[in-house]
Each structure stands twice: as structure tokens, then as C-alpha cells.
Amino acid sequence: MISNAYTDLSEEDINYKAITYLSEENIFSGYEDGTFQSGNFINRAEFLKILLLGFIDAEFSEDIESSFYDVSADDWYAKYIVYAFDQGWVDGY
């Protein structure tokens, strides 16, 4: 199990086991500052990443062409959005 993977996560957190397991499986990665922020809500891009990495055996292209003006190829979530769009699972405005 990952020991002290996140500076703000303790073994007393109700979701500690789930968070550490999913982190070991590379589904969760936390924030750049070393925190996990388990009390926060997640956004749509974070939720989509969790779904895709946790339940779908997908190949993600690194050559990204986004159909959305607000999703840049440099965004960390772009490959997940583009994959889900190509599969017809999400749509935009």
C-alpha cells in the first residue's frame, strides 16, 4: 500500500483504503502540490478520467485533435475528453 502518498490524507480518512488502492492502480494521482483533497467535489474531467482508467481498457492517442474550443491538446484531460467524444459518450455545445 502507498504510505503517505498524499500530504493531506491520513489512515483515519473514511476513504483511505479506496484512495490508496486506486492510486496504486494509477487511476488517481492527486494534485501537483502533493495533496489529494478527499473532501472536495471532483469536476467532469476528473470523473471521466476515473471512469475511463478504472473501467475501460482503452488506448489513448497522444496525437490529440480536440473538437472543442475550450479543450487544448496540452490539457491533462484532453485525451480522455477526445476518447469519450470519439466513442460518442460525451458531447459539447
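The values are calculated or read from the model by the stated rules, or taken from the named source; none is laboratory data. Keep in mind that what you see is a predicted model, and the values were worked out from it rather than measured. Counting neighbours? That spans all protein chains shown, and the Cβs are built from the backbone with ideal geometry, glycine included. Please note that ligands, DNA and RNA were not included when accessible areas were found on the heavy atoms of the full protein model with its side chains. Shrake-Rupley method; radii C 1.70, N 1.55, O 1.52, S 1.80 Å.
Accessible surface for Asp86 stands near 110 Å², nearest 10, in the context of the full protein assembly shown (1.4 Å probe). Rounded to the nearest 20 debye, the dipole magnitude of the chain is 280 debye, with +1 charges on Lys and Arg beta carbons, -1 on Asp and Glu beta carbons, and the Cα centre as origin.
Working with all protein chains in place, sort Phe41, Phe28 by solvent-accessible area computed with a 1.4 Å probe, largest first.
Working: Phe41 195, Phe28 40 Å².
Ranked list, largest accessible area first: Phe41, Phe28.
Remark on the stretch 1-50: Rg and Dmax equal 10.3, 28 Å (Cα only). Between Phe41 and Glu12, full extension at 0.36 nm per residue minus the direct alpha carbon distance yields a gain of 8.5 nm. Only protein heavy atoms count here; under a 1.4 Å probe, Trp76 has an accessible surface of about 130 Å². Accessible area per residue for the chain is 76 Å², calculated with a 1.4 Å probe on protein heavy atoms, without ligands, DNA or RNA. Against the longest alpha carbon principal axis of the chain, how many degrees, from 0 to 90 and to the nearest 10, is the axis of helix 44-55 turned? So the inclination is approximately 80 degrees. Looking at the chain, which GluC sites (Glu not before Pro) are DSSP coil and have at most 13 other C-beta atoms within 10 Å of their C-beta? Filter output for the chain: Glu11, Glu12, Glu25, Glu32, Glu59, Glu62, Glu65.
With all protein chains in place and ligands, DNA and RNA left out, the 1.4 Å accessible area ranks Ser61, Ser66, Ser23 as Ser61, Ser66, Ser23, largest first.
When the solvent-accessible area of the chain is split by element, carbon and sulfur atoms take up 49 percent of it, the probe being 1.4 Å.
Legend: calculated FRET efficiency, Glu25 to Asp70, from the Cβ-Cβ distance at R0 = 30 Å, rounded to 0.05, equals 0.55.
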